[in-house]
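Here the structure is laid out as structure tokens; the discussion comes afterwards.
The values are calculated or read from the model by the stated rules, or taken from the named source; none is laboratory data. Because the structure is a prediction, the values reported are computed rather than measured. Positions of Cβ are generated from backbone atoms using ideal geometry, with glycine treated the same way; all protein chains shown enter the neighbour counts.
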Amino acid sequence: MQQVFNRFSALLWGRNAFIHDPNVSSQNYSVDALAPGDAPDTLYWPDINYADQTRSGWAAAQHYLRIQRLLIAGGIDRFRDDQAYRERLIAALRYWLHHDFINPNWWHNEIGMPRTLSDICIMTWDYLSDDVRTRALELISRGSIQGCPRIMDWTGANLIWGVTNTLKHALLLGDEQLLRIASDRAIAEMRFDAEGIQEDGAFCQHGRRWYSGGYGASFTFDVSILIHVLQGSAWAFPREALDIFLLHVLDGQRVMMKNGFFDYCGVGREFARPGEIYKRNIVTGVNLLAQTEDLPRADEIAAFAKENAHPATINPESDSDKTVFYSSIQLLCHRKNSSYISVKGHNDKLFDQELCNGEGELAYNLSYGTHTCLCRRGDEYFDISPIWDYAHIPGTTARVENDEQIHSHRGWWTQPLPNDHAGGLTLGDVGILYEKPEHDGISALVSFFTFDGCLVSLGADIRDDNPEAGPLTTTVDQCLLRDTNLGTSPATAVDNGEWSYYNLDPETAFNANAKHVVGSWRRNNHSVEDAPVEGDVFTLYIEHSPTHPAFAYMVTPRFSTLGNGTRVLRNDGICQAIVTPRRPDGTRTLMAVFHADGELTLPDGTTLAGNRGKCLILPDLQ
């Protein structure tokens, strides 16, 4: 048990990647700024609002987070050798233990506070007095199975947070029986369930809601720590548990990321927090796995770690390039030719984004599917939340509304929105996703086709029962502005960053703009400060006319010919179909979706029959 304690302590002292936290102010963030508290031998930071009761970004929590980060930044040598420094940090710890601040959100009291407090104690245990140890263990027990038995019934990331807190509590107590309970419950969570890891590698939390880059990222980080510190011990994870966990990491998260940046559609309400698309916790967890002995799929873990080592670059094709349709969450991911393309679909059994604790206030148009994520570098949407127009979510067909109007949509996160026509299919490195999004009197039949690092989207039978409410648009993309060419005519491509966008429907027109935008994180997250944020945004959309209820567009890597020769065969309420460019051997790939029973005429004049919901991929069409 001592070996596990020592390994955990060494790991905590070395967590330099986590010193930076955009939610921790750098002002007065030092031991020198600590002032005498209202009890003997206590110190506090005067700039922290300890009376704050915000449910998400709780200001008081910055007290123990600062202690932890100062310990890491100073290192074990300074803490051991600099008596004045050590005593001031312990006095700051005493301040928290004396006041025992409580938040109305249970998470802080039963997960967040015990999580960080136990880290601090493991790092400093040999230097704490008995009274400090006793009081700290009392507070830590609130996040441990010993003091909070209901943890055993939690699921997914919440469960792993609880059992990790319990494991640290057991190490501090020297309680092998409690350590066994914690490790066994963590191992038992390596399973397929409605919340947690899905059989296709996706991760859900808060119902069947895609959270691979949110709760799933925290799950990966904590489980990676457990696997690492318990390796070679009597409490180590067995092979069956490792296999399921690595399915989540390598067949799920690795496919959903680009250079350490996570698909913005899969981070949930964390999209409303600064810095959260770049997943330091996944990157750190994978690096930790790469340093762990005797793990299955070690070569893939090492390759994943290498992919994340150079963020925001265009990487060459890697062995992780693949096309996957995650049926559990209606998600199509396509990685090819250094492109990352995803399409998030929806059906009536799924939740999508959520509004919780004031986060995700403007996320309504992320709740019914068809949103796309288009990355070549990985950072195309990084920290765009405060300056985004939430009426123009990439890939969606929606009404043009301002923040107040979008915010007026209520209750959408509590139950799945209707949709009984959705699905997908992959074959090799090509993929299809289709659905019929319906919301606010708006409906459409939409299909997405991915191939060779390109995306084609077709929309048909677009209906609007309330046209007087405002313009209806389909957004092709809205991302950070980089080296933009807005095009010189409807027939020319629009370019931004590493992508080119082509309008494939001569009856519609692209609307492209490049704007400097002033916004605020507070627009979409009521838990953060309302400070101005500025940035440059590229937006491309199609405004719909009742006389032509359709659209067709293609997105390809910029300066490439990969999409040249793509042809739309059909785009109506019965069938949507394309053929890809010819290969050197003269063959093309046919991709089609039938929205109703009917027939599709091929370029050679032959016909194929299909019924509603049938997808076709024919890879060797002449």
Quiz item: Do we find that residue 385 is farther than 30 Å from residue 588 by Cβ and at pLDDT 95 or above in this structure?
Solution: yes
Quiz item: Out of curiosity, is residue 561 β-branched (Val, Ile, Thr), in a loop (DSSP other than H, G, I, E, B), over 23 Å from residue 462 (Cβ atoms) and out of contact with any Asp or Glu (no Cβ under 8 Å at 6 or more places or on another chain)?
Solution: yes
Quiz item: Given (1) hydroxyl-bearing (Ser, Thr, Tyr); (2) under 26 Å from residue 9 (Cβ atoms); (3) touching a strand residue (DSSP E or B) at 6+ places or on another chain (Cβ under 9 Å), where does residue 85 come up short, assuming only one miss?
Solution: (3)
Self-check item: Hits in the stretch 592-622 (condition: within 24 Å of residue 437 (Cα to Cα), among the hydrophobic types (A, V, I, L, M, F, W, C) and assigned to a loop (DSSP other than H, G, I, E, B))
Solution: 596
Practice problem: All but one of (1) surrounded by fewer than 22 Cβ atoms within 10 Å (Cβ to Cβ); (2) modelled with pLDDT under 95; (3) outside the structural domain of residue 424 (by TED's automatic domain parsing) hold for residue 308, so report the exception by its number. | Solution: (1)
Self-check item: Scan of the stretch 311-331 for residues that are within 21 Å of residue 560 (Cβ to Cβ), modelled with pLDDT of 85 or more and of a type outside the set (D, E, K, R), ordered by number
Solution: 323
Practice problem: Give the number of residues within the stretch 460-481 that are closer than 25 Å to residue 514 by Cα, out of contact with any Lys or Arg (no Cβ under 7 Å at 6 or more places or on another chain) and in a strand (DSSP E or B). | Solution: 8
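Does the stretch 597-605 contain at least one residue that is surrounded by fewer than 21 Cβ atoms within 10 Å (Cβ to Cβ), under 33 Å from the mean Cα position of the chain (by Cα) and either under 26 Å from residue 470 (Cα atoms) or of a type outside the set (D, E, K, R) (or both)?
At the first step, the residues of the stretch 597-605 found to be surrounded by fewer than 21 Cβ atoms within 10 Å (Cβ to Cβ) are 597-605.
Okay, now just the ones that are also under 33 Å from the mean Cα position of the chain (by Cα), so none.
For the stretch 597-605, residues surrounded by fewer than 21 Cβ atoms within 10 Å (Cβ to Cβ), under 33 Å from the mean Cα position of the chain (by Cα) and either under 26 Å from residue 470 (Cα atoms) or of a type outside the set (D, E, K, R) (or both): absent.
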Quiz item: Can you tell me how many residues in the stretch 238-266 are surrounded by 20 or more Cβ atoms within 10 Å (Cβ to Cβ) and in a loop (DSSP other than H, G, I, E, B)?
Solution: 6
Quiz item: Is it true that some residue in the stretch 70-93 is within 25 Å of residue 358 (Cβ to Cβ), touching a residue at least 40 places away in the same chain (Cβ under 8 Å) and in contact with a helix residue (DSSP H, G or I) (Cβ under 8 Å, 6 or more places away or on another chain)?
Solution: no
Practice problem: Read through the list (1) part of a helix (DSSP H, G or I); (2) over 21 Å from residue 297 (Cα atoms); (3) at pLDDT 95 or above, then give the number of the only condition that residue 220 fails. | Solution: (2)
Quiz item: Looking at residue 270, is it surrounded by 20 or more Cβ atoms within 10 Å (Cβ to Cβ), under 12 Å from the mean Cα position of the chain (by Cα), outside any helix (DSSP H, G or I) and not assigned by TED's automatic domain parsing to the domain that holds residue 522?
Solution: no
Quiz prompt | Residues of the stretch 143-152 satisfying the condition of being crowded, with 20+ Cβ neighbours inside 10 Å and in a helix (DSSP H, G or I) | solution = 143, 151
Quiz item: Do the conditions hold for residue 565, that is, is it surrounded by fewer than 20 Cβ atoms within 10 Å (Cβ to Cβ) and assigned by TED's automatic domain parsing to the domain that holds residue 425?
Solution: no
Quiz item: List pairs: first in the stretch 1-17 and at pLDDT 90 or above and surrounded by 14 or more Cβ atoms within 10 Å (Cβ to Cβ), second not in a helix (DSSP H, G or I) and not aliphatic (A, V, I, L, M), Cβ under 8 Å, 6+ apart or cross-chain?
Solution: 1/174; 4/233; 4/235
Self-check item: Number of positions in the stretch 593-615 that are without any contact (Cβ under 8 Å) to a residue 60 or more places away in the chain and under 20 Å from residue 423 (Cα atoms)
Solution: 11
Quiz item: Restricting attention to the stretch 492-529, and to residues there that are surrounded by fewer than 18 Cβ atoms within 10 Å (Cβ to Cβ) and hydroxyl-bearing (Ser, Thr, Tyr), which single residue is farthest from residue 458 (Cα to Cα)?
Solution: 520
Exercise. Within the stretch 94-151, work out how many residues are among the hydrophobic types (A, V, I, L, M, F, W, C), under 21 Å from residue 38 (Cα atoms) and without any contact (Cβ under 8 Å) to a residue 24 or more places away in the chain.
Key: 1
Exercise. Find the residue count for the stretch 520-550, including only residues that are without any contact (Cβ under 8 Å) to a residue 40 or more places away in the chain and of a type in the set (Ser, Thr, Tyr).
Key: 2
Self-check item: Subset of the stretch 153-200 that is farther than 20 Å from residue 225 by Cα and within 24 Å of the chain's Cα centre (by Cα) - its residue that is surrounded by the most Cβ atoms within 10 Å (Cβ to Cβ)
Solution: 198
Quiz item: Within the stretch 390-430, how many residues turn out to be outside any loop (DSSP other than H, G, I, E, B) and either without any contact (Cβ under 8 Å) to a residue 40 or more places away in the chain or among the polar types (S, T, N, Q) (or both)?
Solution: 4
Practice problem: Can you give me the number of residues within the stretch 163-199 that are modelled with pLDDT of 95 or more and farther than 16 Å from residue 220 by Cβ? | Solution: 24
Quiz item: Pairs, please: C-beta under 6 Å, at least 6 apart or cross-chain, first residue touching a residue at least 12 places away in the same chain (Cβ under 8 Å) and in the stretch 174-197, second of a type in the set (D, E, K, R)?
Solution: 192/199
